[in-house]
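Read the structure below first, then the notes.
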Amino acid sequence: MDVRVEGQVVDAPEQGDVAAVLQKALSGKKFKSVVAARVTAEGTETLCDLSATVPAQCTDITPVYADSPEGLSMIRHSTAHVMAAAVKKLYPSAKVTIGPAVENGFYYDFDVEKPFSSEDFPAIEAEMQRIVNERLPFVRTTMSKADAIEKFSKMGENFKVEIIEGIEGDTVSLYTCGDFTDLCRGPHVPHTGFSKASKILSAAGAYWRGDSSRKMLQRIYAVAFPKKEELDQYLAEQAEALKRDHNKLGRDLEYFTTVDCIGQGLPILLPKGARVIQLLQRWVEDVEQAHGYLLTKTPLMAKRELYKISGHWDHYLDGMFVLGDPQDETKECFALRPMTCPFQYQVYLNRGRSYRDLPMRLGETSTLFRNEDSGEMHGLIRVRQFTISEGHLVLRPDQLEEEFKGCLDLAKYCLGTVGLLDKCTFRFSQWDPANPNNKYEGTKEQWDHAQSVMERILKDLDVDYTVGIDEAAFYGPKLDIQYKNVYGKEDTLVTIQIDMLLAERFGMYYIDENGEKKLPYIIHRTSLGCYERTLAYLIEEYAGALPTWMAPEQVRFLPVTDRAADYCAEQAKKLEDMGFRVEVDYRNEKIGRKIRDAQMEKVPYMVVVGDRDMENGTVSPRHRADGDLGAMSMDEFSALLKQVVDNKEKK
């Protein structure tokens, strides 16, 4: 039987295995890096183990290499089996559940008597290494569901029994390496030797099947790569990421804290963090005013009737904090707002509108509340109360492209000014046509129209984007500006949404030039997004050393002796009167200690003042990155400072 492999035809023996065919076609070195194959027979392609039998009427076999995305995922999943085997060897009473591959690695959930700790990791890794060194083959077998249930029941693996009972069909597949057998659809790498580069990172609690009413399990997270060099590089990058992690660095630098009795996802902004966010908010409000936005101030809560009109009650109730019984229609029920749009619409509806009133650009520094799952909480990035630079533009259909471009330009300007734009990506978030009656309002025709309009606008604006299916808002498509934290986790920073539906629900008509009532379009947008999330990304981007213009403390005077303290106070007052944020370190410490502390606290400018400076009427500033700037007059230093701040330089 002739089979094509990477452009060449190979004679495949009947009942031979896939590995034998690939070994004929590939060099020895190349074959050693193959972990699986895609086999095509009768027009159907199947991913399979190398030990699989070549099917009759096979036409093509495509090798899957270890360094390919698909091969890497298989290595990680197979390494999860290796780890499960190690845990079962060390903890025989442990019960196994699931162990999927995830980005950069894998996890496996266990039911154990005592939670895992970092002290357990070395022993588990040592046992994993023993299994790897033995190069044990992954052997696939199939059996009936009934036999599998009996087998795992005898093993005491009740979680596997539950999984098997939920599988459709009459048969299931199992994989065995050494003494360990696991339920798995596969495929797997040929042997455990491919799992030679892994590292356990952490352990945490996880509910069985994500259900808080079910058993709490222990989840071990690990990373895995084809080569040790790649693992070492990843671990080095993670060590650097840890230095920049806002959840640690932001606390160390006293930007924010959290308190158990207040609650998860409800951070306390300390004076430094509060100052930075205040500066950003004031700046964004001024920029938006210059772009024709009208400032609004609306309530933090509303009756359920408002959310019923907007559709949030039907589509977003689980994500809202409700005050009262949402099911009792006989009593008033309020909810904290998860977004500002239905509130700002009331500004438009305050009186009748003409086509001459449009576009109406409404902006608000809005505090919002969203009932995020506890597992989603992370520092300042994912919280339950946050403040956002929210805005809504009510406009005529002929104004849509120009106003959308204006929103995008404004967002890019804001993100570029703070230094985040270069690492942003763009996602065109669309609806899922397979799920129209659950999450989304409107008809297929309305969605097709809205998305085609947005697609044309993005093409005209030459926006390089990816498509996110089922990522749209329930009322319309959106352009999401995405950003990754230091660990590679992506979240939305800024969003621009086209809404052709909600205006009708609120009766937001305008009178056109012919005296006829027409419905406007609405753009939902943010300029800088959630301020808490932005602060988190800024801390990570600059490793805590925020640019001078937004730094909570811009200058710190460091008197060398007590004699210089009064002189420092006088010079500091001059800068404060000019609007700069200045402190004086009056502590009775050596100047070296004062400089080190200021450096550790990421203060942009340190002004060292000694006897010579007092005699000459000068100061000796140091920049945290550039070092000693030399002696200069206060006028020269204030001019330098003003230039850096006014130009919003990233230093």
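Using mean Cβ contacts within 10 Å as the protection proxy, how do 10-18, 223-231 order, highest first?
Peptide ranking by packing, descending: 223-231, 10-18.
Report Rg (one decimal) and Dmax (nearest whole number) for region 267-310, counting Cα atoms only, units Å.
When restricted to Cα atoms, region 267-310 yields Rg and Dmax of 15.4, 40 Å.
For region 132-182, what is the accessible area per residue in Å² when the probe is 1.4 Å?
Here the residues of region 132-182 average 55 Å² of exposed surface.
If I fit a long axis through the Cα atoms of helix 591-600 and take the longest principal axis of the Cα atoms of the chain, what angle between them do I get, 0 to 90°, rounded to 10?
Helix 591-600 and the main axis of the chain meet at about 60 degrees.
Taking the alpha-carbon centroid of each part, what is the distance from region 387-457 to region 319-366 in angstrom?
Taking the Cα centre of region 319-366 as reference, the centre of region 387-457 is 20 Å away.
Just the number, please: Stokes-Einstein D of region 473-573 in µm²/s, Kirkwood Rh from C-alpha pairs, 4 °C, 1.567 mPa s.
Estimated via Stokes-Einstein, D reaches 70 µm²/s.
Excluding residues fewer than 8 places away in the same chain, name every one of the aspartates and glutamates whose C-alpha is closer than 18 Å to that of Lys303.
Filter leaves Asp314, Asp318, Asp325, Asp328, Glu329, Glu332.
With equal scatterers on the alpha carbons only and no solvent term, can you work out the Debye log10 of I(q)/I(0) for region 539-603 at 0.22, 0.24, 0.25, 0.28 1/Å?
Scattering profile of region 539-603, log10 relative to I(0): -0.93, -1.03, -1.07, -1.18.
Using a 1.4 angstrom probe on heavy atoms only, work out the carbon and sulfur share of the accessible area of region 457-606 in %.
45
May I ask you to compute the full-extension gain from Ala41 to Asp286, defined as 0.36 nm times their residue separation minus their alpha-carbon distance, rounded to one decimal in nm?
81.7 nm
Under the definition of Cα pairs under 8 Å and six or more residues apart, what whole-number percent is the relative contact order of the chain?
Relative contact order here is 9 percent.
What ranking do 443-453, 184-194 get when scored by the average of other Cβ atoms within 10 Å per residue, highest first?
Output ranking for 443-453, 184-194: 184-194, 443-453.
Give the average over all directions of the projected area of the C-alpha convex hull of region 382-469, one decimal, in nm².
Its average projected convex-hull area is 7.7 nm².
Treating region 192-246 as a set of equal point scatterers at the Cα positions, no solvent, please give the Debye-formula log₁₀ I(q)/I(0) at q = 0.15, 0.24 Å⁻¹.
-0.62, -0.89
Among the lysines, which have Cα under 20 Å from the Cα of Lys444 when same-chain residues fewer than 8 positions away are ignored?
Lys444 reaches Lys478.
Quick check: at a probe of 1.4 Å, how many percent of the accessible area of region 183-297 sits on carbon and sulfur atoms?
After summing per-atom areas, the C and S share lands at 50 percent.
Treating the angle as unsigned and between 0 and 90°, give the value, to the nearest 10°, between the Cα long axis of helix 565-577 and the longest Cα principal axis of the chain.
The answer is roughly 90 degrees.
By how many nm would the segment from Glu376 to Lys114 lengthen if fully extended, with 0.36 nm per residue of separation less the alpha-carbon distance?
Full extension of this stretch gives 91.8 nm more.
Hey, any idea what % of region 367-433's accessible area is carbon plus sulfur with a 1.4 Å probe?
Using a 1.4 Å probe with all protein chains present, region 367-433 comes out at 40 percent carbon and sulfur.
Accessible area per residue of region 292-401 at 1.4 Å probe, in Å²?
It amounts to 46 Å² per residue over region 292-401.
What is the gain in length, in nm to one decimal, between Asp147 and Asp562 on full extension, counting 0.36 nm per residue of separation less the C-alpha to C-alpha distance?
Length gained between Asp147 and Asp562: 140.9 nm.
Do me a favour and compute the ellipsoid semi-axes for region 205-344 from its Cα gyration tensor, root of five times each eigenvalue, largest one first, whole Å.
Equivalent ellipsoid of region 205-344: 38, 28, 16 Å, largest first.
Pairwise over distinct Cα atoms, reciprocal of the mean inverse distance: report the Kirkwood radius of region 296-449 in Å, one decimal place.
18.2
Can you give me the P(r) profile for region 114-246? Cα pairs, bins 5 angstrom wide beginning at 0, each as a whole percent.
Bin by bin from 0 Å, the calculated values are 2, 8, 13, 15, 18, 19, 13, 7, 3, 1, 0.
What whole-number distance in Å separates the alpha-carbon centres of region 535-591 and region 107-183?
59
Quick one: putting +1 on the C-beta of Lys and Arg, -1 on the C-beta of Asp and Glu, what dipole do you get for the chain around its Cα centre, in Debye to the nearest 20?
1040
Filter the cross-link list Lys272/Lys423; Lys248/Lys642; Lys89/Lys227 down to pairs whose alpha-carbon distance in this structure exceeds 29 Å.
Result: Lys248/Lys642 exceed 29 Å.
Using alpha-carbon positions, what is the distance between the centroids of region 498-519 and region 19-87, in Å?
58
Of the DSSP beta bridges with both residues in region 500-608, give the percent that are antiparallel, rounding to the nearest 5.
Here the antiparallel bridges make up roughly 20 percent for region 500-608.
Grab the other residues whose beta carbon is less than 9 angstrom from that of Ala472, score K and R as +1, D and E as -1, and report the net.
-1
From the convex hull of the Cα coordinates of region 307-390, what is the mean projected area in square nanometres?
7.4
Take the alpha carbon atoms of region 414-551, find their radius of gyration, then divide it by 2.2 N^0.38 Å using N residues; give the quotient.
Here the Cα radius of gyration is 1.25 times the empirical estimate.
How far apart, in nm, are two points set 7 Å out from the Cα along the Cα-to-Cβ line at Ile309 and at Asp409?
In this crude label model, Ile309 to Asp409 measures out at 3.4 nm.
With a 1.4 Å probe and all protein chains left in place, how much accessible area per residue does region 446-597 have, in Å²?
Accessible area per residue: 42 Å².
Remind me, what semi-axes does the chain give for its equivalent ellipsoid, largest first in whole Å, using sqrt of 5 times each Cα gyration tensor eigenvalue?
Ellipsoid semi-axes (Å, largest first): 52, 38, 25.
For a distance above 16 Å, tell me the whole-number percent of Cα pairs in region 94-137 that qualify.
57
P(r) for region 1-151: what percent of alpha-carbon pairs falls in each 10 Å bin, starting at zero?
Each 10 Å bin holds this share of Cα pairs: 10, 31, 30, 20, 8, 1.
Based on the mean of other Cβ atoms within 10 Å per residue, sort peptides 71-80, 488-497 so the most packed one is first.
Order by mean packing, descending: 71-80, 488-497.
What FRET efficiency would be calculated for the residue pair Ser213, Val9, taking the C-beta separation as r and a Förster radius of 51 Å, to the nearest 0.05?
Efficiency, rounded to the nearest 0.05: 0.35.
With angles folded into 0 to 90 degrees, how steeply does helix 228-244 sit against the dominant principal axis of the chain? Use alpha carbons for both and round to 10.
30
The values are calculated or read from the model by the stated rules, or taken from the named source; none is laboratory data. Remember, predicted model here, so these are calculated numbers, not experimental data. Positions of Cβ are backbone-derived with ideal geometry, glycine not excepted, and every protein chain shown enters the neighbour counts. Remember, those area values only see protein heavy atoms, side chains included, never the ligands or the DNA or RNA. Shrake-Rupley method; radii C 1.70, N 1.55, O 1.52, S 1.80 Å.
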